[in-house]
Amino acid sequence: MSDKAFRFTEQTTKQPVRFRCMNEPCKTSTGRRDWFIFVGDEPICPKCKGGWPMVDKLSLIHFLIPNPKGHINGNNDGMLVRYSMCCDVRRYDLATLNNGEAATGDVNCVNCLGCLINIKALRMALNIDQEKLIQV
């Protein structure tokens, strides 16, 4: 089965579909939130072979960067600000209620692999640490 079956029509196809297994034997450690996360074509855990309701599709969380030429309008303390997604600056739409995606300005919440790679490159290019990147 193709991973497109588990994508929403507006969801990016540039990033893989990620799932988490909440079955106790699949936990990566003893922590409450240390669920086993995997990339797959369908929501079947490769460890325990479990499916729904123990396996959930994870939302893809993008990083928003301020960009005067960006296609996404936002609000920052009452001022109009334009943004771009760090993984795809040409993208016109933000996350919607139906596409299983979200966007944030907090680096610590991002799980989009494309954004994470670009954040690391941006941080190295600007020679700034992660905390200051949020203010860029």
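The values are calculated or read from the model by the stated rules, or taken from the named source; none is laboratory data. None of these values were measured; they are calculated from a predicted model. Glycine also receives a Cβ, built like all others from the backbone with ideal geometry; neighbour counts cover every protein chain displayed.
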Residue match in the stretch 25-38 (condition: in contact with a helix residue (DSSP H, G or I) (Cβ under 6 Å, 6 or more places away or on another chain), surrounded by 11 or more Cβ atoms within 10 Å (Cβ to Cβ), under 19 Å from Val110 (Cα atoms) and modelled with pLDDT of 80 or more): yes
Failed condition for Ile117, given (1) surrounded by fewer than 16 Cβ atoms within 10 Å (Cβ to Cβ); (2) in a strand (DSSP E or B); (3) modelled with pLDDT of 85 or more: (2)
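Only residues that are under 17 Å from the mean Cα position of the chain (by Cα) and assigned to a loop (DSSP other than H, G, I, E, B): list them for the stretch 42-65, please.
Here is the first cut: in the stretch 42-65, the ones under 17 Å from the mean Cα position of the chain (by Cα) are 56-65.
Residues satisfying the conditions are Leu58, Ser59.
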The stretch 66-78 residues that are in a strand (DSSP E or B), paired with ones that are aromatic (Phe, Trp, Tyr) and exposed (fewer than 15 other Cβ atoms within 10 Å of the Cβ) (beta carbon under 8 Å, 6 or more apart): Ile72/Tyr92
